[in-house]
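> Can you read through this structure? Questions will come right after.
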């Protein structure tokens with residue numbers, strides 16, 4: 001994987017897409033498939049919404065989890081996956097077994113909780129009432145959504161693509177980038193914030209060999225990037241970590257240290273105001 005220098009300005013370009021996904025869910029948790037995304041960055045067109053079955057909550061039902069949008073100059077496909085809407089305390093329960101990531105040959109093992117959720121992800125045309133049948137896999141579904149608006153004859157591999165996510169969304173974004181890169185013509189960038197550790201050393205190495213530009217941005221005083229844990233210390237972070245530290249820049253609490261707004265503020269204090277609750 002190329003070792004390009006991490007640019008905080010670029011990082012905060014993608015954060016608002018994830019913030020829009022999070023705001024969309026918190027404003028109307030019962031809306032599984034909104035026709036539009038509130039506060040989505042200007043210049044982008046919503047092409048699909050993303051749903052999953054959240055096994056971590058009290059109800060195992062389909063929920064809105066993000067979206068696919070296309071726009072910008074050059075035209076770029078952006079996949080944004082939100083974090084969890086509950087408190088961060090549930091991360092203490094992440095002592096999951098490792099299972100093979102079968103979507104990618106020699107893909108190592110990943111946390112069973114993330115893998116189970118990943119296998120439920122699908123997309124819908126915005127506002128539609130019933131989901132159309134997926135092409136067969138998460139990667140194929142997302143790839144089809146991202147490339148649907150391309151001009152005839154344009155090579156999908158030439159389409160710039162970014163997959164971004166926060167918290168649990170960062171873990172799922174990591175799995176999606178590995179899957180897309182291994183199994184479709186797309187070569188997405190990954191920009192994750194506060195992602196937990198996804199899998200073992202074999203998965204981390206395989207991901208590093210597959211991904212092009214990938215940045216795992218983590219706050220050193222945020223507990224989430226250090227989970228899951230197991231007694232054998234099998235869980236390993238994926239490559240290209242970029243550390244920030246919010247001490248002295250934001251109030252310390254589990255929620256403030258983990259907040260996407262805190263991450264964005266520390267990356268770019270001049271352009272991203274800190275949430276008053278964390279000052």
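The values are calculated or read from the model by the stated rules, or taken from the named source; none is laboratory data. Just so it is clear, the structure is predicted and the values come from calculations on it, not from any experiment. Every residue, glycine among them, receives a Cβ derived from its backbone with ideal geometry; neighbour counts consider all protein chains shown.
> Could you identify the single residue in 162, 104 that is touching a helix residue (DSSP H, G or I) at 6+ places or on another chain (Cβ under 8 Å), under 30 Å from residue 223 (Cβ atoms), at pLDDT 90 or above and assigned to a strand (DSSP E or B)?
Step by step, each of 162, 104 is checked, and only 162 is touching a helix residue (DSSP H, G or I) at 6+ places or on another chain (Cβ under 8 Å), under 30 Å from residue 223 (Cβ atoms), at pLDDT 90 or above and assigned to a strand (DSSP E or B).
> Within the set of pairs 6 or more residues apart or between chains, which connect a residue that is at positive phi and crowded, with 20+ Cβ neighbours inside 10 Å inside the range 94-110 to a residue that is in a loop (DSSP other than H, G, I, E, B) and modelled with pLDDT of 95 or more with Cβ atoms less than 9 Å apart?
If the second residue must be in a loop (DSSP other than H, G, I, E, B) and modelled with pLDDT of 95 or more, the pairs left are 108/101; 108/200.
> For the range 200-225, enumerate the residues that are under 22 Å from residue 8 (Cα atoms), within 18 Å of the chain's Cα centre (by Cα) and outside any strand (DSSP E or B).
208, 211, 212, 213, 222, 223, 224, 225
> On to the next question. Can you work out which of the residues in the range 238-255 that are touching a helix residue (DSSP H, G or I) at 6+ places or on another chain (Cβ under 7 Å) and either modelled with pLDDT of 95 or more or in a loop (DSSP other than H, G, I, E, B) (or both) is surrounded by the most Cβ atoms within 10 Å (Cβ to Cβ)?
For the range 238-255, the residue satisfying everything is 238.
> Given the structure, is residue 226 at pLDDT 95 or above and either surrounded by 20 or more Cβ atoms within 10 Å (Cβ to Cβ) or out of contact with any helix residue (DSSP H, G or I) (no Cβ under 6 Å at 6 or more places or on another chain) (or both)?
no
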